[in-house]
Structure formats: C-alpha cells, structure tokens
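Asker: Supplied in structure tokens, the structure appears directly below.
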Amino acid sequence: MSHRALVTGAAGFLGSHLVDRLLAEGFSVIGVDNFSTGSAANLAHLAGESRFQFEERDICQPFDPGPVDFVFNFASPASPPEYLRLALETLHVGSIGTENALAIAHKYGASFLHASTSECYGDPLVHPQPESYWGNVNPVGPRSVYDEAKRYAESLTMAWHRYRGVNTHMVRIFNTYGPRLHPSDGRVISNFVMQALRSEPLTVYGDGQQTRSFCFVSDLIDGIYRLSRSDEHMPVNIGNPTEFTILECAQAVLEVTGSSSALTYAPLPQDDPTRRRPDITRARTLLGWEPKISLREGLALSLDFFRSRL
Ligand code: NAD
Ligand code: UDP
C-alpha cells in the first residue's frame, strides 16, 4: 500500500533528510516550508521526483494538503540565534502552526509525529535525562520562546491524542548534525567546522566545560522513522548518549578537519544548559534503536558538505 505523508519544515536540515527517507520507503510526500530558516537548496536534488510535491507556506495559516496518512511536524526555527531573531514566530509555529498540523492529521485520520527537543529538559538537574524527567526551564528567559513553545506543543499533541483520538508520537531530539546543517545558523558544529575550514579561531562560549551529546543525522532519522511506525504516544528521546564537553567537541573538529585553528573564548549565552545527555533506554527497548555513528565518523561524513559551502 502506498502512503502519502505531509512534512512541515521540509526545506530545513532535518525535514529534508526525513523527506529523503520517506521517499526511499516508498511514500509520496508533500513538503511545506516558509523558508524562514530553511533553504530550497536542501530539496534541489528532488527536482525530478514525481512522488515529491512542495508548497511554500507558513503553517500558522490554516491549509489543506489533501488526504495524508502521516503528518511529520518539523517546522520551527531550531538554532538559538535563529529562534532569538524569530522569537514570536517561534512561539507561533509551536502553538498555532502545530495545532494546524494536528487538525490536518485529525481530518484525514493520519498518524502525527511531532519534533520535540531536549530543550524540554532546560538546564537539567537529572543526568542523563530520561523522558520521565519534567525539566528545569526558565519560562521567561530568552530561550523560553523556543523551550516553552516546544513544551506547549507537547501538551497540545497529548491533548489531541487524549481528547480527539489522533495517533500521535513525540520525539525529543538531542543535538543533531550532518550535511545540510545550515553553515551559518550559529549551532556549535556548523560554527566550529566552518571556522576550522577557514583557519579562523573556534569560538568557545563560556569555559567550554558545558556538555552536549551529538547525534549524526542518519541515526536520528532512523529512530524517528521507527517511532512513526510504533504504537508509542509518550515522548521518546532520540540522541547519541556519548557526551562531550564543548572543548572536546572543538578538539574533535580540529582533528577531523586537520585544522590548526586556535580557540577563542566568548561569553556564555544566558541560561545555556550546563549538560545534556539522553537516556535512550526507551528508544532501545521500544524501537530496537541505537545510534551507530560516532562524533568523529559523523564529522568526517559531513566535511564535503561544509567544504562545498565555504
Ligand atoms: P531548520 O531550521 O533547518 O529547519 C526548520 C524548518 O522549518 C526550516 O526550513 C524553516 O524554514 C521551517 N519553518 C519554520 N517556521 C515555519 C512556519 N511557520 N511555516 C513553515 N515552515 C516553517 O532546523 P532543524 O534542525 O532541521 O530542526 C527541525 C525540527 O527539529 C525543529 O522543529 C526543531 O525544533 C527540531 N529539533 C532539531 C534539533 C537539532 O539538533 N537539529 C534538536 C532538537 C529539535
Ligand atoms: N557554542 C559554542 N560556540 C559556538 C556555538 C555554540 O561554544 O560557536 C556552545 C553553546 O554555548 C552551547 C553548545 O555549544 O553550550 C551547543 O550550542 P548550540 O547552539 O549548537 O545548541 P544548544 O544545545 O545550545 O541548543
């Protein structure tokens, strides 16, 4: 049986990789995006693909893509500088936009998968983070436009499941990188790799002792695809549990690029989480999933993309 899927945020980093995976699985796909942080270049390779259709639109305006079996809700600015620049838009897409996407799933009896985030845990007091942890989020700090939009979107998704019977899924995505990660959207991997390739100093914020756990994009998309086929309605962490300090991350980038860039230090942004590491027990047991690609391997697999953007 052939399926038709709607992907919101299809021109973004993760959305475009998800579209590729769905097409490879035999789906027809309609992608929508308003290009606020995404780019048509991420979908250029699909120009001749008859099973892929694209519409430029803002999902905060109600729309009807026609009958679909799956809705994947990926639209939202995702990098800190971008969601701070697009603060109100980020709140709107997490609330109004997500509700519009849920209404489409409800109308057509489609399954729904929402792209949530490890930011729901804020600056976590429990380490590593299991899905049962409720988080430590500043509701009025600068990052709250993203964190609270994402937490509200989870609440909305559960309510459409409980009260309207939509078959919903939620993935809490931990820092993911790979080809098509926007070279200048300010996330740590794209910043460090572009700086290393340009022989510029790597900009470490704070003392670089804060940690993140980096997942390569193909591992993430595989976990998300498995989750979409599952019966699980509660949030599932998908991420790579190997944890790095930001200084260790800088070191890995220097090694893989062969760069001799220096490090330079800049102030830590307000409320920057001190640590992040997923507990992936649920993904392992429910989905039989675990990541396969190490940070150094993933960086090596990303280099051609970043070099092409120099
Ligand atoms: P991205 O910025 O590359 O992609 C987001 C896409 O959504 C962009 O193409 C953008 O133009 C589009 N978009 C934003 N607002 C829209 C609107 N109102 N209507 C239509 N399109 C809109 O970011 P990404 O890294 O691909 O993130 C995709 C999703 O995954 C986001 O929801 C993000 O919160 C989530 N996520 C990503 C990460 C990560 O590490 N990459 C981590 C946690 C969560
Ligand atoms: N960071 C950094 N230098 C940069 C960009 C980011 O040291 O050029 C740090 C940032 O302060 C944070 C971590 O790297 O501690 C991850 O930042 P990113 O913006 O990629 O994602 P976050 O996990 O904070 O949403």
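Asker: Under 7 Å between Cβ atoms, at least 6 apart or on separate chains: pull out the pairs that start in the range 173-184 with a residue that is surrounded by 20 or more Cβ atoms within 10 Å (Cβ to Cβ) and hydroxyl-bearing (S, T, Y) and end on any residue that is at pLDDT 95 or above and part of a loop (DSSP other than H, G, I, E, B).
Answerer: Once the first residue is surrounded by 20 or more Cβ atoms within 10 Å (Cβ to Cβ) and hydroxyl-bearing (S, T, Y) and sits in the range 173-184, its partners that are at pLDDT 95 or above and part of a loop (DSSP other than H, G, I, E, B) give Y177/F214.
Asker: Give the residue that is farthest from S294 (Cα to Cα), with candidates limited to residues of the range 204-231 that are more than 19 Å from the chain's Cα centre (by Cα) and away from ligand 2 (no atom under 12 Å from the Cβ).
Answerer: The extreme case among them is D231.
Asker: Same structure, new question: For L88, are the conditions met, namely being surrounded by fewer than 19 Cβ atoms within 10 Å (Cβ to Cβ) and within 13 Å of ligand 1 (Cβ to nearest atom)?
Answerer: For L88, the condition - surrounded by fewer than 19 Cβ atoms within 10 Å (Cβ to Cβ) and within 13 Å of ligand 1 (Cβ to nearest atom) - is met.
One line per residue, one yes/no per condition, for (1) more than 10 Å from ligand 1 (Cβ to nearest atom); (2) assigned to a loop (DSSP other than H, G, I, E, B); (3) surrounded by 17 or more Cβ atoms within 10 Å (Cβ to Cβ); (4) not hydroxyl-bearing (S, T, Y):
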residue	(1), (2), (3), (4)
G15	no, no, yes, yes
S36	no, yes, yes, no
N42	no, no, yes, yes
F54	yes, no, yes, yes
C60	no, yes, yes, yes
G66	yes, yes, no, yes
F72	no, no, yes, yes
A78	no, yes, yes, yes
E82	no, no, yes, yes
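Asker: While we're here: Take the residues of the range 185-194 that are more than 7 Å from ligand 2 (Cβ to nearest atom) and at pLDDT 95 or above: which is surrounded by the fewest Cβ atoms within 10 Å (Cβ to Cβ)?
Answerer: Of all residues in the range 185-194, those more than 7 Å from ligand 2 (Cβ to nearest atom) come to 185, 190, 193-194.
Subset that is at pLDDT 95 or above: 190, 193-194.
Details: S190: 21, V193: 25, M194: 19.
Ranking the qualifying residues of the range 185-194, first place goes to M194.
Asker: What about L197, is it surrounded by 19 or more Cβ atoms within 10 Å (Cβ to Cβ), under 30 Å from I96 (Cβ atoms) and not basic (K, R)?
Answerer: no
Asker: When only residues in the range 124-172 that are outside any strand (DSSP E or B) and among the polar types (S, T, N, Q) count, which is surrounded by the most Cβ atoms within 10 Å (Cβ to Cβ)?
Answerer: T157
Asker: Tell me, which residue of the range 1-60 that is farther than 19 Å from P179 by Cα and without any contact (Cβ under 8 Å) to a residue 12 or more places away in the chain is farthest from ligand 2 (Cβ to nearest atom)?
Answerer: The selected residue is M1.
Asker: Also, quick follow-up: Restricted to the range 111-128, and to residues that are more than 13 Å from ligand 1 (Cβ to nearest atom) and in contact with a Phe, Trp or Tyr (Cβ under 6 Å, 6 or more places away or on another chain), which residue is nearest to T274 (Cα to Cα)? Please lay out each step first, then the result.
Answerer: First, the residues of the range 111-128 that are more than 13 Å from ligand 1 (Cβ to nearest atom): 111-112, 122-128.
Next, from what is left, pick out any that are in contact with a Phe, Trp or Tyr (Cβ under 6 Å, 6 or more places away or on another chain): 111, 126.
Numbers: S111: 35, V126: 12 Å.
That would be V126.
Asker: Kindly check whether there is at least one residue in the range 247-261 that is in a loop (DSSP other than H, G, I, E, B) and within 27 Å of S132 (Cβ to Cβ).
Answerer: No, the range 247-261 has no match at all.
Asker: May I ask you to list the residues in the range 276-286 that are under 18 Å from the mean Cα position of the chain (by Cα) and more than 9 Å from ligand 2 (Cβ to nearest atom)?
Answerer: R277, P278, D279, I280, A283, listed by residue number.
Asker: Looking at (1) at positive phi; (2) within 13 Å of ligand 1 (Cβ to nearest atom), can you tell me which one G206 breaks?
Answerer: For G206, the failing item is (2).
Asker: Here's something else I'd like to know. Could you check G97 against (1) part of a loop (DSSP other than H, G, I, E, B); (2) buried (at least 23 other Cβ atoms within 10 Å of the Cβ); (3) out of contact with any strand residue (DSSP E or B) (no Cβ under 6 Å at 6 or more places or on another chain) and say which number it fails?
Answerer: Here G97 clears every test but (1).
Asker: Within 15 Å of ligand 2 (Cβ to nearest atom) and either of a type outside the set (A, V, I, L, M) or modelled with pLDDT under 95 (or both): which single residue out of P201, P179 fits that description?
Answerer: Only one candidate qualifies: P201.
Asker: For the list (1) away from ligand 2 (no atom under 16 Å from the Cβ); (2) of a type outside the set (D, E, K, R); (3) within 29 Å of I189 (Cα to Cα); (4) touching a residue at least 40 places away in the same chain (Cβ under 8 Å), I need the number of the one condition that A87 fails.
Answerer: (1)
The values are calculated or read from the model by the stated rules, or taken from the named source; none is laboratory data. None of the values given here were measured: they were computed from a predicted structure. All Cβ positions, even for glycine, are placed from backbone atoms using ideal geometry, and neighbour counts span all protein chains on display.
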